[in-house]
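Written below as structure tokens is the structure these notes are about.
The values are calculated or read from the model by the stated rules, or taken from the named source; none is laboratory data. All figures in this text were calculated on a predicted structure; none of them were measured in a lab. Cβ placement follows ideal geometry from the backbone for every residue including glycine, while neighbour counts extend to all protein chains displayed. Areas reflect the complete protein model, heavy atoms only, side chains present, ligands, DNA and RNA absent. Shrake-Rupley method; radii C 1.70, N 1.55, O 1.52, S 1.80 Å.
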Amino acid sequence: MGNIFLKDDVRREFDDLKSHLNQGNIPEMAVEYRGYLNKMQNLPLNIAVVGKAGAGKSSFINAFRGINDDDEEAAEVGTVEEKTVPEAHPHPSLPNTTIWELPEIRTCTSNAAEYLKKVQFERYDVFVLIVTDRFTENDAFLAKEIQRRRKKFYFVRSKIDISIEGERRKRNFNME
């Protein structure tokens, strides 16, 4: 579950390649490494999108997939979060890529550790944590858990326009 390429593994592969090239086994190595590259290109990529209800997970997924919110295959937006299981959204032009919309921790279970098991946390290769106005304890928990498992994640700040409008009403507003 999940694709993990460790720096040591990649370094070892390149050391092996260098050794074989020094021995003059170029045609054999070219065939072997072409197969290795093809295998890597065909690996599945599972991207998890997580955040609280109403943070904009579905809108992000639709934008990432390059589709409109009202397209038939779009992730449903603007609804109250009732999901309790991950929902898969295949990428329309990257056949090995699936974007998974994960339910919010508190709507899925009352226990964070149970949540990890229920959403099959190990399945995902990359995580996108959608955060609106506040960074929550659940966001911190997920970030720490992803780091502990040596996976990549990105924070995406959504609905910044709403925060700016709120700040604009203050006397000393400065867009900077």
Give the residues of segment 104-145 that are more than 29 Å from ILE164 (Cβ to Cβ) and under 14 Å from the mean Cα position of the chain (by Cα), sorted by residue number. VAL119, GLN120, PHE121, GLU122, ARG123, TYR124, ASP125, GLU145
Failed condition for PRO44, given (1) in contact with a His (Cβ under 9 Å, 6 or more places away or on another chain); (2) at pLDDT below 90: (1)
If you check every pair at least six apart or on different chains, which have Cβ atoms under 9 Å apart with a residue in segment 144-162 that is among the acidic types (Asp, Glu) first and a residue that is surrounded by 14 or more Cβ atoms within 10 Å (Cβ to Cβ) second? GLU145/ALA112; GLU145/LEU116; GLU145/PHE121
Criterion: among the hydrophobic types (A, V, I, L, M, F, W, C), under 26 Å from LEU43 (Cβ atoms) and open to solvent by 90 Å² or more (accessible area, probe 1.4 Å) - qualifying residue of PHE127, PHE155, PHE121: PHE155
